[in-house]
Amino acid sequence: MPDYQKMYTILFNKLTDIHEEIEKIQQVVEEIYINTSEDRYLWLDTPAEDAILEKIEKESETSYNKNGFQNATRKENSSMFKIVKKEHLNPTVAKMVIEAPLIAKKAEPGQFIIFRAKEDSERIPLTVADYDREAGTVTIIYQIVGAGTMELDTLEEGDCLHDFVGPLGTPSHVEGLKKVAVVGGGVGCAIAYPVAKKLHELGAVVHSVVGFRNKDLVILEDEFNAVSDKVCMMTDDGSYGEKGLVTNALEKLINEGNQYDEVIAIGPLIMMKFVCQLTKKYNIKTVVSMNPIMIDGTGMCGGCRLTVGGETKFACVDGPDFDGHLVDFDEAMHRGTMYKDFEQHAREAECNLLKKEVK
Ligand code: NAD
Ligand code: FES
């Protein structure tokens, strides 16, 4: 007769082992989930953080993280993501040069980073405005428009950002292009500039068309001059350069006989929409850089979705660059206004908060 008692004990022990293994697997899955979601940084604050950080950094070079994210800061390490330079480019736009050697090593034009100024700050996605691989720095340019950027702007040289993750997204495809018109509108010029620079480095003929509302808002003029074969400076009111919109200058260049392999347009949605309407008329391929609301930046939340060619795309992983002739700009503009009231409220609250701090 089988010894059922013994068999039961063996079975029980096996099940206990399996249960423990499952728990371990669950823990690992949970850690991976945390590390690839909103709170990835908190996970790094465990006692084993050095080992974990080392492991992530090793894996981020290979399979774990195809984008090669620079993994997040350890909170107590105050020397990470230091602001080495801060400069106001115009009354509402500022530039920060951030110490981030791993991101600087891998960043390409068109890619973006997501950062938090402080631990409880909102997450801000910003396209990389420049990088210096040797100095190990990444430049960001931001418009002080909402509560998040107002808070960011309270930080000064020598302060550190709480975290800084990237490079995210797909780099702009610039290889093989021989003659390109790069169109930048307002703050969008901060993103158009590294694309123009890369094209120039690759030997392409670059015609830059940059537009601002007025002279006081002009940014990066010297930078565009240094990397372009021709620069058309436009202002809406004619206070600097030529009077008119970027579309007026672009159409003029096309009518002068310039044949572009591609037009790359970066700026407000309305500008990109009208640039695309123009280039469609002339049958010139046009790439736009979309900057919808983003949350995780890794394709999980769906916050950045857009309709491109009738299909749903995520700007953070499928873009931010898209074929402009296929983008549904009207939908993107509608989605862009969804948080307008919230932003207005947050801005007012932040203003009051800052006022109190100043007193
Ligand atoms: P803005 O409104 O001052 O416009 C800048 C220029 O764009 C104008 O001077 C004009 O030449 C051109 N433009 C505007 N409307 C146009 C139209 N209807 N037709 C043709 N040309 C037009 O820009 P801003 O205030 O500096 O930019 C703010 C906006 O840019 C924000 O909404 C921000 O989200 C967006 N932005 C987009 C990106 C991106 O990656 N696409 C990056 C940074 C900022
Ligand atoms: Fe979440 Fe793109 S930001 S899916």
Taking the Cα atoms of the stretch 179-336, report the difference between the largest and smallest coordinate on each principal axis, in whole Å and largest first. 42, 33, 29
In nm, to one decimal, how far is the F12 label point from the K118 one, both placed 7 Å along Cα→Cβ? 5.6
The stretch 89-167 and the stretch 280-299 have their Cα centres apart by a whole-number Å value of 21
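Step through the table entries K215/K252; K82/K179; K243/K313; K86/K215; K106/K252; K105/K281, compare each Cα-Cα distance with 28 Å, and write down the pairs that go over it. Write out the running numbers ahead of the final one.
Numbers: K215/K252 21 Å; K82/K179 38 Å; K243/K313 36 Å; K86/K215 22 Å; K106/K252 37 Å; K105/K281 40 Å.
Listed pairs above 28 Å: K82/K179; K243/K313; K106/K252; K105/K281.
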Relative contact order [Cα under 8 Å, 6+ residues apart], the stretch 173-277, whole percent: 33
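Could you give the C-alpha radius of gyration of the stretch 113-176 expressed as a fraction of 2.2 N^0.38 Å, taking N as the number of residues it contains? Walk me through the numbers on the way to the answer.
Working: Rg = 13.0 Å, N = 64, 2.2 N^0.38 = 10.7 Å.
Dividing the Cα Rg of the stretch 113-176 by 2.2 N^0.38 Å gives 1.22.
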Karplus (6.51, -1.76, 1.60) ³J(HN,Hα), θ = phi - 60°, over the stretch 205-210, in Hz, Gly and Pro reported as x: 7, 10, 9, 9, 10, 10
Quick one: what are the phi-derived ³J(HN,Hα) couplings along the stretch 221-228, Karplus 6.51/-1.76/1.60 with θ = phi - 60°, whole Hz, x for glycine and proline? 4, 4, 4, 5, 4, 6, 10, 10
Measuring from label point to label point, each 7 Å out along Cα→Cβ, what is the T307 to S239 span in nm? 3.9
Tell me which residues come under 5 Å, amide H to amide H, from T286 once H is placed; ignore anything under 5 positions away on its chain. V263, G324, H325
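Calculated FRET efficiency, E156 and L202, Cβ-Cβ r, R0 30 Å, to nearest 0.05? Mind showing how you got there, number by number?
On the way: r = 36 Å, r/R0 = 1.21.
Working from the Cβ atoms, E equals 0.25.
I need the peptides 218-228, 83-93, 101-111 ranked by packing, meaning the mean over residues of other C-beta atoms within 10 angstrom, with the highest value on top.
Those peptides, ordered most packed to least, come out 101-111, 218-228, 83-93.
Readers should treat all values here as calculations from the given coordinates under stated rules, not as data from a laboratory. Being a predicted model, the structure only gives us computed values, none of them experimental. Positions of Cβ are backbone-derived with ideal geometry, glycine not excepted, and every protein chain shown enters the neighbour counts.
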